[in-house]
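The values are calculated or read from the model by the stated rules, or taken from the named source; none is laboratory data. Keep in mind that what you see is a predicted model, and the values were worked out from it rather than measured. Backbone-built Cβ (ideal geometry, glycine too); neighbour counts: all protein chains shown. Please note that ligands, DNA and RNA were not included when accessible areas were found on the heavy atoms of the full protein model with its side chains. Shrake-Rupley method; radii C 1.70, N 1.55, O 1.52, S 1.80 Å.
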Amino acid sequence: MLRIKEFVKAESLEQAYELNQKRTNRILGGMLWMRMTNAQIQKAIDLSDLGLDKIEETEDEFLIGCMVTLRQLELHEGLNEMSEGLVRNCVEDIVGVQFRNLATVGGSLFGRFGFSDVLTAFLAMDSYVELYKGGIVPLSEFAAMKRDNDILVRVIVKKTKGHYVYQSHRNTKTDFPVLAVAASKMGDEIKVSVGARPARAVLFAAKDLTEDSVCQVAQKVVTGTNLRASKEFRSHLAKVLIGRAFVQLRGKEEA
Ligand SMILES: Cc1cc2nc3c(=O)[nH]c(=O)nc-3n(C[C@H](O)[C@H](O)[C@H](O)COP(=O)(O)OP(=O)(O)OC[C@H]3O[C@@H](n4cnc5c(N)ncnc54)[C@H](O)[C@@H]3O)c2cc1C
């Protein structure tokens, strides 16, 4: 059972960061994952008064505060228009609307969960995270970093022109994904992100959208076994989902 001794509403990011340096203190997102753990938290640090629950749009990027919920991502017109629905598609099967009204983008990315649809999808876009002390870091770099006591302040998505698609396979509609694939083509650059392997999502580059490239990328995907699926099934799925993603991208290129 999760136990929290004290609740602190942070008045500034500096105060939140200072408090978070103590191993027994913890930043709160939507608390949906945290409440499933047995953590003993001395001070729970709430960021909800810091204005980080908004998606701001500038001429060339989206600035997504860490307290923005998955539901806000799902409903944001500009973000979904730019990403051709990739953002909506990656969250729409996560549990249900009430859940997505609480789960935050900060908690989803900071956790770097091995089942994450959100991390998988954002990796295929031109995405960065703004860390309070660490500054702005490409999401692909952050995804591979060891967890520390920094604060994820914002996610930045550049409005890079391109095509974006999302594919996932679930045993039942709202369960964790068995495998998730996001792909994009921005100019000549083709990115393929594979998550729920079941391990942190990883990013690959493909040279074109042919069947050969599907096989080349799929071969590089390291998969594993858990109660949802075997390593062999996931490796098979990787080829199927990357293949479907490339067919969709080819369709968008030709349209
Ligand atoms: C039953 C269930 C089913 C789920 N299914 C899926 C699924 O199918 N697909 C999917 O992608 N995800 C799924 N998730 C994960 C979920 O969508 C969220 O990603 C998860 O709950 C974390 O978000 P949160 O806002 O609840 O964070 P919390 O649980 O509050 O926090 C998670 C961790 O991140 C830290 N943290 C939070 N915000 C910050 C910040 N700004 N800076 C630094 N550290 C921070 C916290 O200290 C904590 O350690 C599921 C979760 C549950 C509980």
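Return the residue satisfying two criteria in turn: it lies in region 84-111 and is polar (S, T, N, Q) and out of contact with any Cys (no Cβ under 9 Å at 6 or more places or on another chain), and of such residues it is farthest from GLY162 (Cα to Cα). Checking each candidate, the answer is GLN98. Cβ-Cβ contacts under 7 Å between residues 6 or more apart (or on different chains), taken from a first residue in region 110-131 that is of a type in the set (S, T, N, Q) to a second residue that is within 9 Å of the ligand (Cβ to nearest atom) and assigned to a helix (DSSP H, G or I), are listed as SER116/SER108; THR120/CYS90.
Selection of region 49-85 for residues being more than 13 Å from the ligand (Cβ to nearest atom) and in contact with a Leu (Cβ under 9 Å, 6 or more places away or on another chain) yields LYS54, ILE55, GLU56, GLU57, PHE62, LEU79, ASN80. Taken over region 164-204, residues that are within 18 Å of the chain's Cα centre (by Cα) and either among the β-branched types (Val, Ile, Thr) or assigned to a strand (DSSP E or B) (or both) amount to 24. Scanning region 86-96 for residues that are within 16 Å of TRP33 (Cα to Cα) and either more than 8 Å from the ligand (Cβ to nearest atom) or open to solvent by 10 Å² or more (accessible area, probe 1.4 Å) (or both) turns up ILE94, VAL95, GLY96. For region 29-53, residues that are touching a residue at least 60 places away in the same chain (Cβ under 8 Å) and either at negative phi or part of a strand (DSSP E or B) (or both) total 7.
Could you identify the single residue in LYS22, LYS9 that is touching an Asp or Glu at 6+ places or on another chain (Cβ under 6 Å) and either near the ligand (Cβ under 10 Å from one of its atoms) or open to solvent by 60 Å² or more (accessible area, probe 1.4 Å) (or both)? Spell out how you get there, then give the answer.
Numbers: LYS22 fails: touching an Asp or Glu at 6+ places or on another chain (Cβ under 6 Å).
Matching residue, one of LYS22, LYS9: LYS9.
For region 138-163, which positions are within 15 Å of the ligand (Cβ to nearest atom) and either part of a helix (DSSP H, G or I) or within 17 Å of GLY65 (Cβ to Cβ) (or both)? Result: LEU139, PHE142, ALA143, ASP150, ILE151, LEU152, VAL153, ARG154, VAL155, ILE156.
Please count how many residues of region 146-204 are of a type in the set (Asp, Glu) and open to solvent by less than 50 Å² (accessible area, probe 1.4 Å).
At the first step, the residues of region 146-204 found to be of a type in the set (Asp, Glu) are 148, 150, 175, 188-189.
From what's left, open to solvent by less than 50 Å² (accessible area, probe 1.4 Å): 150, 175.
Counting residues in region 146-204 that are of a type in the set (Asp, Glu) and open to solvent by less than 50 Å² (accessible area, probe 1.4 Å) gives 2.
Cβ-Cβ contacts under 6 Å between residues 6 or more apart (or on different chains), taken from a first residue in region 231-255 that is touching a residue at least 24 places away in the same chain (Cβ under 8 Å) to a second residue that is in a helix (DSSP H, G or I) and surrounded by 15 or more Cβ atoms within 10 Å (Cβ to Cβ), are listed as ALA238/ALA218; LYS239/ALA218; ILE242/VAL214; ILE242/VAL217; ILE242/ALA218; GLY243/VAL214; PHE246/VAL214. Taking the criterion of being closer than 22 Å to ASN171 by Cα, within 10 Å of the ligand (Cβ to nearest atom) and either without any contact (Cβ under 8 Å) to a residue 24 or more places away in the chain or over 14 Å from the mean Cα position of the chain (by Cα) (or both), the only residue of region 97-109 that qualifies is PHE99. A residue that is within 17 Å of ILE156 (Cβ to Cβ), touching a His at 6+ places or on another chain (Cβ under 9 Å) and at pLDDT 95 or above occurs nowhere in region 69-84.
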